[in-house]
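Read through the structure below, which is laid out as structure tokens, and then see the notes.
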């Protein structure tokens, strides 16, 4: 049974609970972009927020819940300098209990030796500030700041 969609709008922010499936991620991301605080960003910053949130939420859907969709909660809060984001899910813990480093391979790496994945984490690290991960009980908590300026 899928969790009921839960939407709240606390003090200029957004608190949204949905199922981490590809379709629900897409629909929820569209809602996040059309609602404060993200709808108030300039187009370039909104595009950056969309890229980061899509990558994070698709990782949750694919890796935290490999056996099928599960609940995810996104809280977006406007703060000085940007939008504070908190993503909480009840899926599998991140490997090693930490955020993947997201290093890009060397420019001289043979195409056949390129890693599968990992490029998204490079984008996430590059486009956010204060990226932290915690496993608390059965929950993953990923927090980061989407800066207002590039």
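The values are calculated or read from the model by the stated rules, or taken from the named source; none is laboratory data. The shown structure was predicted, so the numbers you read here are calculated from the model rather than taken from an experiment. All Cβ positions, glycine included, derive from the backbone under ideal geometry; neighbour counts span all protein chains shown.
Looking only at the stretch 40-85, count how many residues are in contact with a strand residue (DSSP E or B) (Cβ under 7 Å, 6 or more places away or on another chain) and at positive phi.
2
Can you find a residue that is in a loop (DSSP other than H, G, I, E, B), surrounded by 15 or more Cβ atoms within 10 Å (Cβ to Cβ), in contact with a helix residue (DSSP H, G or I) (Cβ under 7 Å, 6 or more places away or on another chain) and modelled with pLDDT under 95 anywhere in the stretch 133-148?
So far as the stretch 133-148 goes, yes, one or more of its residues are in a loop (DSSP other than H, G, I, E, B), surrounded by 15 or more Cβ atoms within 10 Å (Cβ to Cβ), in contact with a helix residue (DSSP H, G or I) (Cβ under 7 Å, 6 or more places away or on another chain) and modelled with pLDDT under 95.
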